[in-house]
Amino acid sequence: MARDAVARSASMKWAWPLAALLQIGTAAARQDPPANPPAAASPDQAVPPGQSAVDANPAGTGCCLAVNGAMVDIEIGEPISSKRHKRGDKFALRLAEPLVVDEATLANAARVVAARDDRVLISKGDRAYARGAGPTALLMDAGKPRDFRIFRNSTPLKDPVTGEVLGFEGQYVGQAVLARPETTRDVTESSGTVTSTIVPATIDVVSTKEEIRVGDRLLPEPERQMRSYTPHAPAQPVDARVVSIYGDGLSAGQYHVVSINRGRRDGIEPGHVLALLRAGERVVDREDPLRPTLKLPDEPHGQLFVFRVFERVSYGLILSAQTAVRPGDRCTPP
């Protein structure tokens, strides 16, 4: 049972803050997943509980199972460092859905080209227009996708140690469904000339994390998968660095999402718990006549829970942070 897994983790010092957050009941384990799971959002955006079923693991093989983007009900199993929450309180959150692809994938994806009434920003419930090209054309043929996730244009993720581009991150901004396919139409000009004009596809925006803009990219909604988020320490040595803060922040705190420069090829798995370390400062020993420069030791200042893994990059939820987490901070086994 999930509660037993939490109790067992109490003896592991590194696992306890995570256990306090991931104490998930199994009453909803037999419920079918919702037909239309809610859109993914940032983990630090609290959502009132009861709006979505919990997908827990009835077999007890992991702490919990959650459908991509589904909300997870959280019960505080032990008091945590907050005056606003106490044992037994419940709230809900969603895991972020970052996307890491090669540069060409987003560049060639279908894109939003216009909104109704010349709007600049597009919100939930709005109708917009988009078009693709070749294999990404927005058609309603058999086998073609009709549900899409919308991402902001990609930004490169650079390894803070080597400078290597590890991939291109597309920031999730919303979801849309295809209402009408793109096509062409013959139009007779005033001169009598008949020209073929492109008619973009019509999409209906069903959810947004932030306002959608012209130029944002559409990628097909992936198949629903059940993921096990069993907290565990890596079996192999890990020496990773924080690459970036997911979103637009320069630093991050508790319940924010960061990317690290280690992925599937390095043995990183969903559920890995890592310690966050702040690099020790360089100081001058002013009492020594030679004035040598000293490198202070790295100090742990938080914990990271990995929930999304790509080939060379992974994303983690900051479980605790004594100070602000910044790009370049180290991540090691707890």
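The values are calculated or read from the model by the stated rules, or taken from the named source; none is laboratory data. Since the structure is predicted, the reported quantities are computational estimates derived from the model, not experimental observations. No Cβ is skipped: glycine too gets one built from the backbone with ideal geometry, and neighbour counts run over all protein chains shown.
In table form, for the structure just shown:
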item	result
Residue count, region 130-153 (criterion: in a loop (DSSP other than H, G, I, E, B) and of a type outside the set (Gly, Ala, Ser))	9
Qualifying residues in region 309-334 (those that are polar (S, T, N, Q) and out of contact with any Asp or Glu (no Cβ under 8 Å at 6 or more places or on another chain)) - the one modelled with the highest pLDDT	SER314
Among the residues listed as ILE212, ILE268, ILE260, ILE245, the single one being assigned by TED's automatic domain parsing to the domain that holds ALA130 and of a type in the set (Val, Ile, Thr)	ILE212
Residue satisfying condition, being under 30 Å from GLY174 (Cβ atoms), at pLDDT 90 or above, touching a His at 6+ places or on another chain (Cβ under 8 Å) and assigned to a strand (DSSP E or B), within set VAL273, VAL306	VAL306
Tally of residues being of a type outside the set (Lys, Arg), assigned to a strand (DSSP E or B) and either under 29 Å from ILE150 (Cα atoms) or at pLDDT below 85 (or both) across region 212-240	6
Subset tally (residues that are within 30 Å of LEU319 (Cα to Cα) and at pLDDT 90 or above) for region 284-298	3
Exclusive hit being more than 16 Å from PRO234 (Cβ to Cβ) and in contact (Cβ under 8 Å) with a residue 12 or more places away in the chain, set ARG312, ARG286, ARG291	ARG312
Inter-residue pairs, beta-carbon under 9 Å, first at pLDDT 90 or above and in region 97-114, second among the charged types (D, E, K, R) and buried (at least 21 other Cβ atoms within 10 Å of the Cβ), 6+ apart	ALA109/ARG217; ALA110/GLU182; ALA110/ARG217; ARG111/ASP216; ARG111/ARG217; VAL112/ASP216; VAL112/ARG217
Set PRO220, PRO234: member being surrounded by 12 or more Cβ atoms within 10 Å (Cβ to Cβ), touching a residue at least 40 places away in the same chain (Cβ under 8 Å) and more than 17 Å from the chain's Cα centre (by Cα)	PRO234
Number of positions in region 285-327 that are surrounded by fewer than 16 Cβ atoms within 10 Å (Cβ to Cβ) and touching a strand residue (DSSP E or B) at 6+ places or on another chain (Cβ under 6 Å)	10
Count of region 131-176 residues which are surrounded by fewer than 22 Cβ atoms within 10 Å (Cβ to Cβ) and farther than 26 Å from PHE310 by Cα	9
Condition broken by ALA252, with the remaining ones in (1) closer than 22 Å to GLY174 by Cβ; (2) crowded, with 23+ Cβ neighbours inside 10 Å satisfied	(1)
Residues within region 154-172 that are out of contact with any Phe, Trp or Tyr (no Cβ under 9 Å at 6 or more places or on another chain) and either in contact (Cβ under 8 Å) with a residue 24 or more places away in the chain or in a strand (DSSP E or B) (or both), tallied	6
